[in-house]
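Engineer: My structure is below; once you've seen it, I'll send some questions.
Each reported figure results from applying straightforward, stated rules to the coordinates on display, with no laboratory input. Since the model is a prediction, treat every value here as computed from it, not as a measurement. Note: ideal-geometry Cβ built from the backbone for every residue, glycine included; neighbour counts use all protein chains shown.
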Amino acid sequence: MERINKYRSVIVLALLLGFVLVFAFYWLGLSPTIDKLDEQSQELVQIEGEKQLLQNKLDEMKGNVEGQDSIDPEWDALPQNDMADQLILDIRAVTARSEATLKAIDFNLTGGNELHLMFNEQETMYPRVHEIKMNADLEGTLSQIESFMKELESLPRLMKVDSFAFQHRSESGSIADPILTATLVFTSYYESVPKHKE
C-alpha cells in the first residue's frame with residue numbers, strides 16, 4: 001500500500017497521459033474520417049438525385065413518359081435543328097395571311113444565343129439553343145404589318161420580334177390607311193442536337 005501511495009502521482013500522470021493519447025487518436029484519426037464519410041454520404045445522395053433527374057430526362061426524350069404533357073411548352077416549340085426550309089415556308093405563309101408585301105429578308109445563323117443578355121446573366125444560358133436572326137423589309141398598311149408580327153409570333157416554333165421601325169411612303173395608299181415601309185428584326189430559336197456517328 002505504501003508503494004502505491006509513493007507512486008500515486010506517477011500512476012495518475014500515466015493514466016492522464018493515456019487518456020490524452022486516446023483522445024488525441026480519436027480527435028486526429030477518427031474524427032476526420034467520420035466527417036469525410038458524412039460528406040461522401042451527402043455527395044452520394046446528391047448524385048443519386050442527379051441520376052434520377054437524368055434518367056427522367058432521358059425517358060422523356062425517348063418518349064417513354066406516357067400520358068404526361070411536356071412540362072415546358074417552350075421546349076416543344078424548339079425544333080431539333082434550324083429547319084431553315086420550313087422557316088422559309090412559314091414566313092411565306094405568314095406573308096400571305098397578313099397580306100403585307102415582303103420586299104427582302106436576310107438570315108443570319110449564329111453559333112449560340114443571346115438569352116443571357118435578356119436575363120442579365122454573365123454566362124451563356126442553354127448552350128444547345130441557337131438562334132437565327134432575320135432582317136425583313138415589309139410594305140403594307142399598319143394593320144397588315146401588325147398582322148404579320150402577330151402571325152409570326154404565333155407560329156409553332158419559338159419566334160420573337162426584336163425590333164421594328166416604320167417609314168411613311170407618301171406616294172401610295174390613302175390618307176386614312178397609308179402604305180408604310182417597315183424594317184423588322186426578329187429571331188427564331190432552335191435546339192442544336194449533335195449528330196451521332198454510326
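Engineer: Taking θ as phi - 60°, what are the ³J(HN,Hα) couplings along region 182-189 by the Karplus curve (6.51, -1.76, 1.60), each to the nearest whole Hz, with x for Gly and Pro?
Structural biologist: So the Karplus estimates, Gly and Pro as x, are 10, 10, 10, 10, 9, 10, 10, 10 Hz.
Engineer: In Å³ and rounded to a whole number, note down the convex hull volume per residue for the Cα atoms of region 2-62.
Structural biologist: On the way: hull volume 3.5 nm³, N = 61.
Cα-based convex hull of region 2-62, divided per residue, equals 57 Å³.
Engineer: Moving on. List every residue whose amide H lies under 5 Å from the amide H of Thr141, counting only residues 5 or more places away in sequence or on a different chain, with H placed 1.01 Å from N in the peptide plane.
Structural biologist: Here the answer is Leu180, since their amide H atoms fall under 5 Å of that of Thr141.
Engineer: In addition: Cut-off is 10 Å between beta-carbons; in what order do Tyr26, Tyr189 appear when sorted fewest neighbours first?
Structural biologist: Least crowded to most crowded, the residues run Tyr26, Tyr189.
Engineer: For the residues His130, His168, what sequence is obtained by ranking on other C-beta atoms within 10 Å, fewest first?
Structural biologist: Values: His130 19, His168 9.
With the sparsest Cβ surroundings first, the list reads His168, His130.
Engineer: Work out, step by step, the length gained on full extension between Leu37 and Gln52: first 0.36 nm times the residue separation, then minus their alpha carbon distance; give nm to one decimal. Write out the running numbers ahead of the final one.
Structural biologist: Details: separation 15, 0.36 × 15 = 5.40 nm, distance 2.25 nm.
Working it through step by step, the gained length comes to 3.2 nm.
Engineer: Further, regarding this structure: Label points 7 Å out from Cα along the Cβ direction at Leu15 and Phe107: separation in nm?
Structural biologist: Taking the simple label geometry, Leu15 and Phe107 are separated by 9.0 nm.
Engineer: Hey, another quick one. Pop out the ³J(HN,Hα) list for region 93-105 in order, Karplus 6.51 cos²θ - 1.76 cosθ + 1.60 with θ = phi - 60°, rounded to Hz; leave Gly and Pro as x.
Structural biologist: Once θ is set to phi - 60°, the couplings for region 93-105 become 5, 4, 4, 5, 5, 7, 6, 7, 9, 8, 7, 7, 8 Hz.
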